[in-house]
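Here the structure is laid out as structure tokens; the discussion comes afterwards.
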Amino acid sequence: MAVVSFVKNAGKIAFAAKEIDVGEWKGDMLAVGVTEKDMTKDENSKFQNSILKKLDRLLGGLLAEVSSEEDFTGKSGQSTVLRLPGLGSKRVGLIGLGQSASSPSAFRGLGEAVAAAAKTAQANSVAVVLASSEGLSNESKLGIASAIASGAVLGIHEDNRYKSESKKPQFKSLDILGLGTGPELEKKLKYAEDVSSAIVFGRELVNSPANVLTPAALAEEASKIASSYSDVISANILTAEQCKELKMGSYLGVAAASDNPPYFIHLCYKPLSGPIKAKLALVGKGLTFDSGGYNIKTGPGCSIDVMKIDMGGSAAVLGSAKALGQIKPPGVEVHFIVASCENMISGTGMRPGDILTASNGKTIEVNNTDAEGRLTLADALVYACNQGVEKVKPNDAHPIVDLATLTGACIVALGPSIAGVFTPSDELAKEVFEASEISGEKFWRMPLEESYWESMKSGVADMVNTGGRPGGAITAALFLKQFVDEKVQWMHIDLAGPVWNEKKRVATGFGVSTLVEWVLKNSS
């Protein structure tokens, strides 16, 4: 088996924030982010926007001419690039932002479009400027610069580790013009780079096939994070034998059929110094492959060929560990927990009808071996509760967030790009949704309808592991709730849809940036 290294490097780009006249910038490509409003022209077909007016004058009216001929109106997704003689920049590109741009995802999209244009033009040095940045607050400018930088890193990333031939990206430097300068902005750009490279790490974990990324390999990646950031992160990797001692019968039931042994991963982040005001836990589903077990995945739409993505929750958790090891926030302790294994088929595997006992003593009748993720999470959640996670005051709730590619039902409900959020805690929901507004990732809160638990009752055990098709994402969340201490603040995120980009057939790294933002909100 070829050994493939994870995250070679997230296409290293040198970022710089500069205040310089657009006409004087020298390099391979100057990209201008324009809204539809910026593209309005007067009765003489001349731009009214001052930056576009200036560039058009330097180019002898060429910019206005080309935008008219190519019907470039600044719509989102539109772009046009001109090759030029005689200007400091070899090319000028216009990139559409739509009617108006204000969200982090719009500016991340701009960064990605700049990376795509740079790739096509084989540009090495690039600058980006907004046609309109007047009236923006200092805080807005920091956020916009950060989102553009993130988009550029994510846009340049191509996972070529498994290809026999691959081109290295040319794109080496990005100057961000007109959004200020100084240490605060430089710190923000460094943060964007740290988080983006962690997203790339998460993507590459999910993209890796099950014959490369086994539970042992996932545990090895977690150990590498701990050794890279050993000043703040420690690792405790439990074997099947140790999990047996902890009575993790639910998790081990899933792992029993595979020749690849399971590994229970526990990383712990502790700040370099100072008091700890919050202890948090992030729990990620870590099925490196899911065949469905005896309820094998069959028929169209079963997606068995992409079941390497069933560890997308663990990729988000380990990606955020990597980012936090780099950022080193004060005042917060974070536990990263993954019960990793494969769900395979063999004579030693669990059968439909088997009864498993989880580490909190609750019994589960397995009525579907393909609802295995929740069985592994059951023991992982009990373990997380035992880590004593808590907020500032001892009687405060203990925040645990679990992330899992848990149900096809959630994709049916919310489509491919929105994750479902289930939590009894309004406070925790508010915190995570505020974090997602900064990250630009999409979440939607779903009901935890207690009356649906009726369908999860077993005649012979405490519960069954599936409750039929209606409300499948809700009954899955209610199942997980049975393994969380009542005093603990808990949220379940079903990211089965947004973890994978079906069109491009690659992972997205979804979840990393929201988790990092949430942890920082809890940092002092």
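For region 311-332, state whether one or more residues are under 21 Å from A378 (Cα atoms), in the same structural domain as V401 (by the TED database) and open to solvent by 40 Å² or more (accessible area, probe 1.4 Å). Checked region 311-332: no residue is under 21 Å from A378 (Cα atoms), in the same structural domain as V401 (by the TED database) and open to solvent by 40 Å² or more (accessible area, probe 1.4 Å). Filtering region 207-228 to residues that are over 20 Å from the mean Cα position of the chain (by Cα), surrounded by fewer than 19 Cβ atoms within 10 Å (Cβ to Cβ) and in a loop (DSSP other than H, G, I, E, B) leaves N211, V212. Here G388 meets the list (1) in contact (Cβ under 8 Å) with a residue 12 or more places away in the chain; (2) not in a loop (DSSP other than H, G, I, E, B) almost entirely, failing just condition (2). Filtered by the rule that a residue be surrounded by fewer than 23 Cβ atoms within 10 Å (Cβ to Cβ), among the hydrophobic types (A, V, I, L, M, F, W, C) and under 22 Å from P399 (Cβ atoms), region 273-301 gives I276, A278. The C-beta contact set for region 443-468 (first residue at positive phi, second residue part of a helix (DSSP H, G or I) and surrounded by 20 or more Cβ atoms within 10 Å (Cβ to Cβ), distance under 8 angstrom, 6+ apart or interchain) comprises G468/T475. Any chance region 160-173 includes a residue that's open to solvent by less than 10 Å² (accessible area, probe 1.4 Å) and not in a loop (DSSP other than H, G, I, E, B)? Checking region 160-173: not a single residue is open to solvent by less than 10 Å² (accessible area, probe 1.4 Å) and not in a loop (DSSP other than H, G, I, E, B). Yes or no: G440 under 30 Å from the mean Cα position of the chain (by Cα), on the phi > 0 side of the Ramachandran plot and not assigned by the TED database to the domain that holds Y191? Criteria met by G440.
Just one of the numbered conditions (1) among the β-branched types (V, I, T); (2) assigned to a helix (DSSP H, G or I); (3) open to solvent by 10 Å² or more (accessible area, probe 1.4 Å) is not true of V488: (2). Reported count of residues in region 438-485, each being outside any loop (DSSP other than H, G, I, E, B) and surrounded by 13 or more Cβ atoms within 10 Å (Cβ to Cβ), is 21. Looking at this structure, is D370 more than 20 Å from P399 (Cβ to Cβ), in contact with a helix residue (DSSP H, G or I) (Cβ under 8 Å, 6 or more places away or on another chain), surrounded by fewer than 24 Cβ atoms within 10 Å (Cβ to Cβ) and charged (D, E, K, R)? No, not satisfied. Among the residues of region 424-448, those identified as modelled with pLDDT of 95 or more and either of a type in the set (A, V, I, L, M, F, W, C) or touching a His at 6+ places or on another chain (Cβ under 7 Å) (or both) are L428, A429, V432, F433, A435, F443, W444, M446, L448. Scanning region 439-498 for residues that are in contact with a strand residue (DSSP E or B) (Cβ under 6 Å, 6 or more places away or on another chain) and among the hydroxyl-bearing types (S, T, Y) yields a single hit, S458. The residue pairs whose first member lies in region 41-65 and is more than 18 Å from V81 (Cβ to Cβ), whose second member is aliphatic (A, V, I, L, M) and in a loop (DSSP other than H, G, I, E, B), and whose beta carbons are closer than 8 Å, counting only pairs six or more residues apart or on different chains, are N49/M39; N49/A131. Residue by residue through region 425-436, note down the ones that are surrounded by 15 or more Cβ atoms within 10 Å (Cβ to Cβ) and touching a residue at least 40 places away in the same chain (Cβ under 8 Å). Of everything in region 425-436, those that are surrounded by 15 or more Cβ atoms within 10 Å (Cβ to Cβ) and touching a residue at least 40 places away in the same chain (Cβ under 8 Å) turn out to be S425, L428, A429, E431, V432, A435, S436.
The residue list V34, V22, V126, V114 contains one member that is closer than 26 Å to L154 by Cα, surrounded by 20 or more Cβ atoms within 10 Å (Cβ to Cβ) and over 32 Å from the mean Cα position of the chain (by Cα), which is V22.
Scanning region 96-106 for any residue that is closer than 23 Å to E19 by Cβ and open to solvent by 50 Å² or more (accessible area, probe 1.4 Å) turns up at least one such residue. Against the condition assigned to a helix (DSSP H, G or I), surrounded by fewer than 21 Cβ atoms within 10 Å (Cβ to Cβ) and in contact (Cβ under 8 Å) with a residue 12 or more places away in the chain, how does A413 come out, does it pass? So A413 passes the test.
If we scan region 354-370, do we find a residue that is under 30 Å from S273 (Cβ atoms) and within 26 Å of the chain's Cα centre (by Cα)? Checked region 354-370: no residue is under 30 Å from S273 (Cβ atoms) and within 26 Å of the chain's Cα centre (by Cα). Can you confirm whether A507 is over 29 Å from A358 (Cβ atoms), of a type in the set (A, V, I, L, M) and either open to solvent by less than 20 Å² (accessible area, probe 1.4 Å) or in contact with a strand residue (DSSP E or B) (Cβ under 7 Å, 6 or more places away or on another chain) (or both)? Against the criterion (over 29 Å from A358 (Cβ atoms), of a type in the set (A, V, I, L, M) and either open to solvent by less than 20 Å² (accessible area, probe 1.4 Å) or in contact with a strand residue (DSSP E or B) (Cβ under 7 Å, 6 or more places away or on another chain) (or both)), A507 qualifies.
Count of region 94-122 residues, restricted to those that are at pLDDT below 95 and assigned to a loop (DSSP other than H, G, I, E, B), is 7. Can you find a residue in region 264-272 that is open to solvent by 40 Å² or more (accessible area, probe 1.4 Å), in contact (Cβ under 8 Å) with a residue 24 or more places away in the chain, out of contact with any Lys or Arg (no Cβ under 6 Å at 6 or more places or on another chain) and basic (K, R)? Yes - at least one qualifying residue is present in region 264-272.
The values are calculated or read from the model by the stated rules, or taken from the named source; none is laboratory data. It should be emphasised that the depicted structure is a prediction, and the values quoted were computed from it without experimental measurement. Quick reminder, even Gly has a Cβ in these numbers, built from the backbone with ideal geometry, and neighbours come from all protein chains shown. With ligands, DNA and RNA removed, areas are computed over all heavy atoms of the protein, side chains included. Shrake-Rupley method; radii C 1.70, N 1.55, O 1.52, S 1.80 Å.
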